[in-house]
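One structure is given below, encoded as structure tokens.
No value in this document is a laboratory result; all are computed from the given coordinates. Remember, it's a predicted structure, so these values are computed and weren't measured experimentally. Every residue, glycine among them, receives a Cβ derived from its backbone with ideal geometry; neighbour counts consider all protein chains shown.
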Amino acid sequence: MLSAQFRPWHIPLFLAKYGWLHVTRRPVLVHFEVTLRCNARCGFCDYWKTPSDARHDEVQSFADAARFFNPMMITFTGGEPLLRRDLEDLVAGVDAAVGLKYTTLITHGGMLTAERAVSLNRAGIHQFNISLDYLDGRHDQARAIPGLTARIMDTIPAMQAKGVSAIRFNTVIKDDNLGEMMPLVHRAAELGVGVNFSVYTDFKNGNATHRLGAAHLAELDAIIDELLAYKRRRRGVITSSDAYLESIPRWVRGQLAKPCESGIRTIHIDPVGHVKRCPDFPTDFHWREWTSYEPIKCDRCFYACRGEAQAPLRWSRVQDVFA
Ligand code: SF4
Ligand code: SF4
């Protein structure tokens, strides 16, 4: 599901850029963590404990780093990126620095308004990814933001009414929301948005409460089958690749033997400009000293950013893009 700002003829250009990045061993996707501060209070992430005065150390521009990496895909993330009042300036700087790219913002949605979405869209954000793990008050409780789910449901039509149409739910599959997966997909279809799945890990802060384990495998297998069947009937709503979805139960069973390739096709740049191979590893160097990463024997997570980067390119993926 590409943003309406792109046309089918952009696809060969993206494929050519992908080939160039692959040959030169440069990351295809760069995540700019514009702040680690956050005004949610999730039990599975400690970013919200970042002191507010950390903002004084946050860089004022990622444009030079963006120009250096010249990636095909760019994500602005956090913490909560909308806490940065200068987010439009950060986005516009990166937008001017990189030619062909697809730019996404990840937000919990609690501060997102249609007006802010329009202003970020004008600055260069093509797609808005809003975290949503449940369709009811459990999501508000998990993020400790009262009224969050209702707010998201109101904001999306308001964004669409103003012409901001590339919107996805970022949904983390956990122990207690397996029954929410298909209702979430159906709600997304009604709203005209996509759903991008990821899977819970306790690597962020050691909170194992929501980890999937042996007790959930039968239900997980059934849900994944349902999601894949839905994709065969209708593409363009579930934006996760078939290969990634199929691999989730194998990861839960500990059957993924391949080393993790994080840091090769995707990197994260933290708020002070340091590079890490994935969101939850420590930083290794400043982006100016970047050297490419090697695969690592780690299986602590199966986030979409790991699983999608390693997913083989199949015809079903091409169908997803065209849908
Ligand atoms: S998971 Fe996201 S919304 Fe929750 S505290 Fe961490 S950065 Fe904030
Ligand atoms: S499996 Fe890869 S992406 Fe996940 S925590 Fe380990 S190194 Fe990071």
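Rounded to whole Å, give me the distance from the Cα center of segment 146-180 to that of segment 237-262.
24 Å
In what order do Leu217, Leu90 fall by count of nearby beta-carbon atoms within 10 Å, going from fewest to most?
Arranged by neighbour count, lowest to highest, Leu217, Leu90 become Leu217, Leu90.
Compute a Gaussian network model of the chain, connecting alpha carbons closer than 10 Å, and tell me which residue from Leu13, Leu178, Leu83 fluctuates the most.
Ranking Leu13, Leu178, Leu83 by mean-square fluctuation puts Leu13 first.
Which is farthest toward the positive dipole end of the chain among His31, Ala142, Val172, measuring Cα position about the Cα centre, with Cβ charges +1 (Lys, Arg) and -1 (Asp, Glu)?
Of the options given, the answer is His31.
Provide, for the chain, the number of lysine pairs with alpha carbons under 19 Å apart, each pair being eight or more places apart or on different chains.
So the count works out to 7.
Run the quick spin-label model on Val318 and Asp221: label points 7 Å from Cα toward the beta carbon, then report their separation in nm to one decimal.
It is 3.2 nm.
FRET efficiency for Ser292 and Ala96, Cβ-Cβ distance as r, R0 = 30 Å, nearest 0.05?
0.70
At most 16 other Cβ atoms within 10 Å and a DSSP loop assignment: could you name the chymotrypsin sites (Phe, Trp or Tyr not before Pro) in segment 1-61 that fit?
Here the sparse-neighbourhood loop sites are Phe6, Trp9.
Looking at the chain, send over the antiparallel percent of its DSSP beta bridges, to the nearest 5.
15 percent
Less than 14 Å Cβ to Cβ from Asp280, Lys/Arg counted +1 and Asp/Glu -1: what total charge do the surrounding residues give?
The answer is -1.
Report the paramagnetic label zone for Arg122: residues of segment 157-196 whose backbone N is under 12 Å from a point 7 Å from Cα along the Cα-to-Cβ axis.
none
Could you line up Asp95, Asp221 from fewest to most neighbouring Cβ atoms inside 10 Å?
Going from least to most buried by this count: Asp221, Asp95.
Among Tyr47, Ala63, Gly79, flag the residue with its Cα farthest along the positive direction of the charge dipole of segment 42-87, charges on Cβ as +1 for Lys/Arg and -1 for Asp/Glu.
Going by the charge dipole, the pick is Ala63.
Considering only C-alpha atoms, what is the centroid distance from segment 1-65 to segment 280-294, in Å?
Result: 15 Å between the Cα centres.
Given a 10 angstrom Cα cut-off, can you work out which residue in Ala214, Ala229, Ala92 is the most mobile in a GNM of the chain?
It is Ala214.
Given R₀ = 30 Å, what would the calculated FRET efficiency be for Arg253 paired with Ala229, taking r from the Cβ atoms and rounding to 0.05?
According to the calculation, E is roughly 0.90.
Mind checking which of His31, His108, His274 has the largest fluctuation in a GNM of the chain, springs on alpha carbons under 10 Å?
Fluctuation is largest for His274.
Mind ranking 301-308, 61-68 by how tightly packed they are, going by the mean number of other C-beta atoms within 10 angstrom, highest first?
301-308, 61-68
Just to confirm a number: summing +1 for Lys and Arg and -1 for Asp and Glu over residues other than Arg300 whose beta-carbon lies under 13 angstrom from that of Arg300, what do you get?
Net local charge, Arg300 excluded: +2.
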